[in-house]
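Engineer: Structure in structure tokens, see below.
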Amino acid sequence: MTPQQKKAIKILTQYERLANKFELRLSSQKIAELNLLRDSGLIKITNLPARLHEEFPGEFRELTLDEIRSYEE
């Protein structure tokens with residue numbers, strides 16, 4: 001697994017911690033929606049607040065969490 005792949009997975013799975021770090025407000029309903037997407041592997045960077053997009057590796061921008069996990073160069 002590449003460092004970029006690890007970074008993408010980290011952002012898609014730890015969005016709540018990162019949102020708190022950047023002082024972004026996520027409603028409990030939004031967190032619940034994101035948790036469902038994450039748990040099903042269907043979460044994409046486009047589901048997350050724009051502030052988190054800045055650090056996300058561009059090559060994975062259109063992929064879901066499951067697609068990134070199974071991605072091979």
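What follows draws every value from the coordinates through simple rules; no lab data is involved. If you're wondering where the values come from, they're calculated on a predicted model, not measured in any experiment. All Cβ positions, glycine included, derive from the backbone under ideal geometry; neighbour counts span all protein chains shown.
Engineer: All but one of (1) surrounded by 14 or more Cβ atoms within 10 Å (Cβ to Cβ); (2) in a loop (DSSP other than H, G, I, E, B) hold for LEU42; state the number of the condition that does not hold.
Structural biologist: If we test LEU42 against (1) surrounded by 14 or more Cβ atoms within 10 Å (Cβ to Cβ); (2) in a loop (DSSP other than H, G, I, E, B), just (1) comes out false.
Engineer: Being touching a His at 6+ places or on another chain (Cβ under 8 Å) and either farther than 25 Å from THR2 by Cα or not charged (D, E, K, R) (or both), is that true of even one residue in region 50-71?
Structural biologist: No, every residue in region 50-71 fails to be touching a His at 6+ places or on another chain (Cβ under 8 Å) and either farther than 25 Å from THR2 by Cα or not charged (D, E, K, R) (or both).
Engineer: Go through (1) out of contact with any Pro (no Cβ under 9 Å at 6 or more places or on another chain); (2) free of Cβ contacts under 8 Å to residues at least 60 places away in the same chain; (3) not in a loop (DSSP other than H, G, I, E, B) for GLU23 and report which single condition fails.
Structural biologist: Just one mismatch for GLU23, condition (3).
Engineer: Being in contact with a Gly (Cβ under 8 Å, 6 or more places away or on another chain) and surrounded by 14 or more Cβ atoms within 10 Å (Cβ to Cβ) is the filter here, so list the residues in region 48-66 that pass it.
Structural biologist: Matches in region 48-66: THR64, LEU65.
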